[in-house]
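Trainee: If you scroll down you'll find the structure; I have some questions about it.
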Amino acid sequence: MKLQVMMTGKRGVSVNAVKRACLYLKRKKTRALLLLCLLFLMSLSILVGFSLKGSTEQELERLRLSMASGFVLKADTNNELYWERTDFGNGASATHYAGPMVTDAMVEKICSLDGVEDYVIIGEAHEAWTDVTLRPGLYSAMEPNPNPSPDELIPRTEEYLMVCCHSVDVYPCKNGERHKNFRTGALSITDGKNLEEGDRFKAVISDWLAEENGLSVGDTLTLETKEGNFDFTKEPLKTWGEPVEVEIVGLFHANFSQPASDMTLEQCYVENIIYADRDTYIRLQDNLKGHARYEDVGEYYDKHTEVEFLVSDPSQVDAMMEQVRNMEGISMENMELEADSSAYEASAVPYRQVRFFSLLLLAVGLSGMGIVLYLLVRLWIQGRRREIGILRSVGIGKKEILGQMLAEIFAVSFAALVLAAVLSGPAAGKCADVAERLAAPKEGKEAYVVKEDQYFMPQITKTSSDEVLLDGTVSGDTIGFAALFVCGISGISVLLSFAKISGMGIRELQQSE
């Protein structure tokens, strides 16, 4: 000991400090083991916490880009001030909305805003007849009445029911992948491709409809406009205009089950929906021209009841909606403007729960254990005042004593970090598995529900998340941060604790108990 004390030179002092640190840790095994456990738990909680946090944020970003669409501008079709009544004869009549609508000019102006990526026209469909077998609904369950009474609102003749049992809604679609039903995962392409901008007379149908009728990608489907689709008449099977032949370019699958009911219209079953390009929609609409109340149908090609605008950053939705309200040339008369993030919010819930847990884990690792470490180190150094007094009395300076204590804490920190780095991968993977199971959607609960709107069109709404998927990988950057933090906190704890007693005299230190 005396020989070590008398050694001179910076290198000698450093070597002596390291040797004394090793001897101290060897002698105080219990204390060193306790410190190792604390630093290991701190390191492991940081590594696992950052791993889960990074994984959840990555998934939230993916969901944000795919589901958090932006905002919707739509006409308030429930406002009775803008309703008009149409008489069909035989005492039958119906009301329809005839007020302000969203025009193509308005859409173009809104799309000129920075951050608006695209738009999707929703709430539009053309009822068409096609000679295929549909999923049966209300009309299939009806028995024909060859002699309907004059007061029947729906003439249940065999011809009329034949029209209704083969009628589908054709939805115009510029870019299929942008459509909400595909974007939210309610529907997915299982064969072929989705509709793309520039497609003409193309269609996407359900895999159920294709299998039921022996159809596949590349086959054609003929869509007709029957008089019975739009008027109560004695000739419901009469064709208006020209039939439209479309090529099937893709098949979609509904990722949920829609309960069967004799009260559900055939058009309201998702399996019976047909998505087509806008040229197909316009050609079908043209078939209505020249027929009573549909003479002015061409005036409505550029008018829509509801348009969804997709944005690049959903956090800016509120600000962008305010810009729309104040834009010149945008009339908000009888219009509603609202954010559209229901699908994103439903899917994001479990990931936010996992992220909260990861932040809690980080708080414990970064703050809680950091405070405990400081208090523990301070307590131990305070308990070594007599040892420090003896070392100083034999000529060992304060810096060398401080170097010894730093060497002790860094040696234990290094061992704890190595152990935590080795075990953090499996630990993060196990935590990710547990989080996935806890946040998984309830068994038997559908993630989507289908409701009919006032126009008997099916509206698919996402109500719960999909299967939660997390990556338990621990990155090198995370390990680097944990090393800096643990070593930094350890070193600062020693410096602060040593500073409390460094001003004490040798006699005072030696007299400490």
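Trainee: For residues in segment 313-326 being under 21 Å from D104 (Cα atoms) and exposed (fewer than 15 other Cβ atoms within 10 Å of the Cβ), which is nearest to the chain's Cα centre (by Cα)?
Mentor: Looking at residues that are under 21 Å from D104 (Cα atoms) and exposed (fewer than 15 other Cβ atoms within 10 Å of the Cβ), I get E322.
Trainee: If the requirement is being among the small types (G, A, S), open to solvent by less than 70 Å² (accessible area, probe 1.4 Å) and assigned to a helix (DSSP H, G or I), which of these qualifies: G370, G329, G395?
Mentor: Numbers: G329 fails: assigned to a helix (DSSP H, G or I); G395 fails: assigned to a helix (DSSP H, G or I).
Step by step, each of G370, G329, G395 is checked, and only G370 is among the small types (G, A, S), open to solvent by less than 70 Å² (accessible area, probe 1.4 Å) and assigned to a helix (DSSP H, G or I).
Trainee: In segment 412-426, which residues are of a type in the set (A, V, I, L, M, F, W, C) and crowded, with 18+ Cβ neighbours inside 10 Å?
Mentor: Of segment 412-426, the ones of a type in the set (A, V, I, L, M, F, W, C) are 412, 414-423.
Answer for segment 412-426, where residues must be of a type in the set (A, V, I, L, M, F, W, C) and crowded, with 18+ Cβ neighbours inside 10 Å: V412, A416, L417, A420, A421.
Trainee: Considering every residue within segment 259-276, establish whether at least one is in contact with a strand residue (DSSP E or B) (Cβ under 7 Å, 6 or more places away or on another chain), more than 20 Å from C173 (Cα to Cα), assigned to a helix (DSSP H, G or I) and at pLDDT below 85. Let's see the steps before the verdict.
Mentor: Here is the first cut: in segment 259-276, the residues in contact with a strand residue (DSSP E or B) (Cβ under 7 Å, 6 or more places away or on another chain) are 266-268, 270-276.
Next cut, more than 20 Å from C173 (Cα to Cα) only: 266.
In the following step, the residues that additionally are assigned to a helix (DSSP H, G or I) were identified as 266.
Okay, now just the ones that are also at pLDDT below 85, so none.
Looking through segment 259-276, none of the residues is in contact with a strand residue (DSSP E or B) (Cβ under 7 Å, 6 or more places away or on another chain), more than 20 Å from C173 (Cα to Cα), assigned to a helix (DSSP H, G or I) and at pLDDT below 85.
Trainee: Right, next: Give the number of residues within segment 467-505 that are at pLDDT below 75, open to solvent by 60 Å² or more (accessible area, probe 1.4 Å) and more than 34 Å from the chain's Cα centre (by Cα).
Mentor: The total comes to 1.
Trainee: On the basis of being within 30 Å of T184 (Cα to Cα), outside any helix (DSSP H, G or I), in contact (Cβ under 8 Å) with a residue 40 or more places away in the chain and open to solvent by less than 60 Å² (accessible area, probe 1.4 Å), does A339 make the cut? Explain how you work it out, then say what you get.
Mentor: Details: within 30 Å of T184 (Cα to Cα): yes; outside any helix (DSSP H, G or I): yes; in contact (Cβ under 8 Å) with a residue 40 or more places away in the chain: yes; open to solvent by less than 60 Å² (accessible area, probe 1.4 Å): yes.
Yes: the conditions hold for A339.
Trainee: Same structure, new question: Do you know which residues across segment 241-253 are open to solvent by 10 Å² or more (accessible area, probe 1.4 Å), in contact (Cβ under 8 Å) with a residue 40 or more places away in the chain and in contact with a strand residue (DSSP E or B) (Cβ under 6 Å, 6 or more places away or on another chain)? Give the steps one after another, and end with the answer.
Mentor: Keep residues of segment 241-253 that are open to solvent by 10 Å² or more (accessible area, probe 1.4 Å), which gives 241-243, 245, 247, 249, 251, 253.
When the remaining residues are screened for being in contact (Cβ under 8 Å) with a residue 40 or more places away in the chain, the result is 241-242, 245, 247, 249, 251, 253.
G241, E245, E247, V249, L251, H253 - these are the residues of segment 241-253 that are open to solvent by 10 Å² or more (accessible area, probe 1.4 Å), in contact (Cβ under 8 Å) with a residue 40 or more places away in the chain and in contact with a strand residue (DSSP E or B) (Cβ under 6 Å, 6 or more places away or on another chain).
Trainee: Shifting gears a bit: With the condition kept exactly as written, say whether any residue in segment 437-455 is within 20 Å of the chain's Cα centre (by Cα), at pLDDT below 70 and part of a helix (DSSP H, G or I).
Mentor: Yes, the conditions are met somewhere in segment 437-455.
Trainee: Also, I was wondering about something else. Looking at segment 290-312 only, could you name the residues that are modelled with pLDDT of 65 or more and either more than 13 Å from L73 (Cα to Cα) or open to solvent by 20 Å² or more (accessible area, probe 1.4 Å) (or both)?
Mentor: Let us first name the residues in segment 290-312 that are modelled with pLDDT of 65 or more, namely 290-291, 302-312.
Passing the criteria: G290, H291, D302, K303, T305, E306, V311, S312.
Trainee: Looking only at segment 1-38, count every residue that is modelled with pLDDT under 60, farther than 16 Å from L406 by Cβ and among the aliphatic types (A, V, I, L, M) and tell me the total.
Mentor: Keep residues of segment 1-38 that are modelled with pLDDT under 60, which gives 1-14.
The next check asks that each one be farther than 16 Å from L406 by Cβ; those that pass are 1-9, 11-12.
With the extra rule that they be among the aliphatic types (A, V, I, L, M), the set shrinks to 1, 3, 5-7.
Qualifying residue count for the region: 5.
Trainee: So, of the residues in segment 112-132 that are touching a residue at least 12 places away in the same chain (Cβ under 8 Å) and not in a strand (DSSP E or B), which turns out to be most open to solvent (accessible area, probe 1.4 Å)?
Mentor: Initially, segment 112-132 is screened for residues touching a residue at least 12 places away in the same chain (Cβ under 8 Å), giving 113, 115-132.
Subset that is not in a strand (DSSP E or B): 113, 115, 123-125, 130-132.
Details: L113: 25, G115: 29, G123: 35, E124: 18, A125: 34, T130: 2, D131: 115, V132: 13 Å².
Only one residue tops the list, namely D131.
Trainee: Right, something else. Could you look through segment 16-52, keep only residues that are over 29 Å from G425 (Cβ atoms) and among the aliphatic types (A, V, I, L, M), and pick out the one that is most open to solvent (accessible area, probe 1.4 Å)?
Mentor: Keep residues of segment 16-52 that are over 29 Å from G425 (Cβ atoms), which gives 16-24, 26-28, 30-31.
From the residues that got through so far, the ones that are among the aliphatic types (A, V, I, L, M) too are 17-18, 21, 23.
Details: A17: 8, V18: 72, A21: 4, L23: 100 Å².
Residue satisfying both the conditions and the ranking: L23.
Trainee: Quickly run through segment 361-382 and pick out the residues that are among the aliphatic types (A, V, I, L, M) and in contact with a helix residue (DSSP H, G or I) (Cβ under 8 Å, 6 or more places away or on another chain).
Mentor: Pass one, segment 361-382, residues among the aliphatic types (A, V, I, L, M): 361-364, 366, 369, 371-373, 375-377, 379, 381.
Scanning segment 361-382 gives L361, L362, V364, L366, M369, V372, L373, L376, V377, I381.
Trainee: For the structure I just gave you, tell me whether S55 is modelled with pLDDT under 80, within 30 Å of V317 (Cβ to Cβ) and crowded, with 20+ Cβ neighbours inside 10 Å. It would help to see each step written out before you state the result.
Mentor: Numbers: modelled with pLDDT under 80: no; within 30 Å of V317 (Cβ to Cβ): yes; crowded, with 20+ Cβ neighbours inside 10 Å: yes.
Against the criterion (modelled with pLDDT under 80, within 30 Å of V317 (Cβ to Cβ) and crowded, with 20+ Cβ neighbours inside 10 Å), S55 does not qualify.
The values are calculated or read from the model by the stated rules, or taken from the named source; none is laboratory data. Here the structure is a predicted model, which is why all the values come from computation and not from measurement. All Cβ positions, glycine included, derive from the backbone under ideal geometry; neighbour counts span all protein chains shown. Side chains are part of the model used for accessible areas, which takes the heavy atoms of the whole protein and leaves out ligands, DNA and RNA. Shrake-Rupley method; radii C 1.70, N 1.55, O 1.52, S 1.80 Å.
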